[in-house]
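First comes the structure, then the notes that go with it.
Laboratory data are not the source of any read-out in this text; all were calculated from the coordinates shown. Note that the structure is predicted; figures quoted are calculated from it, not measured. So basically every Cβ, Gly included, is an ideal-geometry build from the backbone, and we count neighbours across all protein chains shown.
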Amino acid sequence: MARLLAIGWLFHLKNLTNSLFFVLISVLQPVIFATIAFFMFDAGRRSGGLLYAALGAGLMGIWSSTLFGSGGAIQWQRWQGTLEVIVAAPARFLWVMLPLTVSTASIGLYSIVATLFWGRVFFGVPLEFEHPWLFALALPVTVLSLGLLGLVLASTFVLYRQASAFSNLLEYPIWLVTGLLVPLSLLPGWVEPLSWVLAPTWGMEAVRNAALGGEVWPGIGMCVLLGTIYLALGALFMQNFERLARQRATLSLT
Amino acid sequence: MTSLRIFFVGGQMTYRALFYWLTPQIYIPSLIVAPIFQILLFADIGRSAGLESDEFYVIGNAIQYAAIPCLFAMTHLIAGERFQQTLGYILITPAKRLPLFVGRSLPVVTNGFFVAAFALVVGGAIVGMEVPAGAWAPIALATAVSAFSCTGLGLVNAGLGFIVRETSVLSNIIFGLLLVFTGANVPVDDLPRWMQIVSEGMPFTHGIEAVRRLVAGGALSDVWGLIGVEALIGVLYGAGGYALIRAMEVIGRRHATLERA
């Protein structure tokens, strides 16, 4: 199974890298948002905000690529005519889809690299991390937890015919409520409990604290915990999707 | 008379035919709800940065969001025809090209205006923006002119759609550039000098500034210049876009590449 996951992840990562749409989402869009945030923080004289903005914009890119990639994952397989083959394969449907959703989150790593590079070269953002080793750990854990959240998205969005519009709807709100560019303390109190069940909140906390200083392990721990819950939910929903599609013979119907 | 019919009736029919998929389930999340969250995101970043008031971001982002319907819809007028394999039929008709292509932009301007106006009203209500009662009509005018000027840019985008396969990617890039350059979120004066020069030639820059002045209590007479420049920018982009479409049509015929981006 480890081989299946590893090869599937690598295959989908290469496949998505060939998509101009994903490269845009992963590189250009975060760079544009980072640029705006750099200018805003700079003009607003907010001290120490540039690295904060670069990391936040990078995580925004990871969320976007997960949202659009995983949200439409099953639908894409259907359009490409590969869904039936995947479902009929001896490997469980879950283990075939998991590398795909994790790879959509992984491609978001381009976002972090792009925003940090852009910030360093054009805005002089200091790339001095307080805990470099923990940063190197927090980042893949965050990506993995988002990939597992992507599994839940993939298995639920498939029930919604206009999944792409639904993805459009969820992009900004999640950026907002997970505090990627705005401290959660600025948002209304009722937003905070929502942010607790979303992995990007804890991933951002871990990555940001590793870079700027602060407790890193609670964020990493919450990513692992939420990732486990997402995996359980994703497995349940995937199983349900497969069962219903077989019963009703609707696998290839959009 | 025929040209007028192609302009008004043809434009409307084409819009309905090409956007048959724009159902409420797609329209509401993408064009009604998403701009509100864009406004809230930037208003909160603005608060965090301590830069400008909430009204600043409501106006900037509401007007700028008209770019989504204006850019994407105009591009789809070429890419959608090609996808449906009707581009060739359109281009062999004897219809005059000016009403044929420009007529398609009228529903786009209307939709862009509606999207921006809705975001302005709802976003303004959420943050408690106070607008002088007499300012609503001039604000509507400035918003409509802004939608018009961006549709002009959309026509350029449509022309590029003859040679660019990933038209939605192109539109996303332009949308992002408009977000940075037009003063929607960063005051133009705070941008580097070269960016200020570029922003002068962008759709929205003057329209957004006009609406901000109107909300701040300015009169229509104070912003005529800004609205006029915004309209002129729209005309220039529209003319350039039309010329580009004609040039691409000729090239497409010569090299038999109409159906191939």
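Rounding to the nearest 10 and keeping the result within 0 to 90°, find how far the Cα-based axis of helix B:54-64 lies from the longest principal axis of chain B.
Approximately 10 degrees, to the nearest 10.
How tilted is helix A:132-157 with respect to the longest principal axis of chain A? Cα atoms for both, answer in degrees (0 to 90, nearest 10).
The two axes meet at around 40 degrees.
Taking 0.36 nm per residue of separation and subtracting the Cα-Cα distance, what length does fully extending B:Asp189 through B:His255 add?
19.1 nm
Could you please state, rounded to a whole Å, how far the C-alpha centre of region A:105-180 is from the C-alpha centre of region A:50-78?
5 Å
What average number of partner chain Cβ atoms lie no more than 10 Å from the Cβ of the residues making up B:51-64?
Average per residue, whole number: 1.
Once you've got the GNM for chain B with C-alpha springs shorter than 10 Å, pick whichever of B:Phe83, B:Phe72, B:Phe113 has the biggest mean-square fluctuation.
With Cα springs under 10 Å in chain B, the top fluctuation among B:Phe83, B:Phe72, B:Phe113 is at B:Phe83.
For region B:145-209 and region A:183-215, write down the distance between their C-alpha centroids in whole Å.
When both Cα centres are located, 33 Å separates them.
Quick one: give the max-minus-min coordinate of the C-alpha atoms of chain A along each principal axis, largest first, in Å.
For chain A, the Cα spread along each principal axis is 60, 35, 34 Å.
Between region B:1-27 and region A:223-254, what's the alpha-carbon centroid distance in Å?
40 Å
Taking the Cβ of B:Tyr89 as the centre, find all other residues whose Cβ is under 13 Å away and add up their charges (Lys, Arg: +1; Asp, Glu: -1).
-1
How high is the FRET efficiency between A:Ala89 and B:Ile197 when r is their beta carbon distance and R₀ equals 41 Å, given to the nearest 0.05?
After rounding to 0.05, the efficiency reads 0.10.
Roughly speaking, what is the stretch gain from B:Arg165 to B:Ala216, that is 0.36 nm per residue apart minus the C-alpha to C-alpha distance, in nm to one decimal?
Gain on stretching B:Arg165 to B:Ala216: 14.0 nm.
In chain B, if every C-alpha pair distance is counted and binned at 10 Å from zero, what percent goes to each bin?
Here the calculated profile for chain B is 7, 31, 34, 20, 7, 1.
Viscosity 0.692 mPa s, temperature 37 °C: give me the Stokes-Einstein translational D for the protein assembly as shown in µm²/s, with Rh taken as the Kirkwood radius over C-alpha pairs.
Rounded to a whole number, D works out at 136 µm²/s.
Sorting check: for B:224-237, B:201-214, which peptide has the highest mean count of neighbouring beta carbons within 10 Å, and how do the rest follow?
The packing order, highest mean first, is B:201-214, B:224-237.
Scale the Cα Rg of region B:11-94 by the rule-of-thumb value 2.2 N^0.38 Å and send over the ratio, two decimals.
Normalised Rg, Cα atoms only: 1.50.
Kindly express, to the nearest 10 degrees and within the range 0 to 90, the angle between helix A:109-123's C-alpha long axis and the longest C-alpha principal axis of chain A.
20 degrees
Can you tell me the length gained on complete extension of the stretch A:Ala136 to A:Gln247, counting 0.36 nm per residue apart and subtracting the Cα distance?
Length gained, A:Ala136 through A:Gln247: 35.4 nm.
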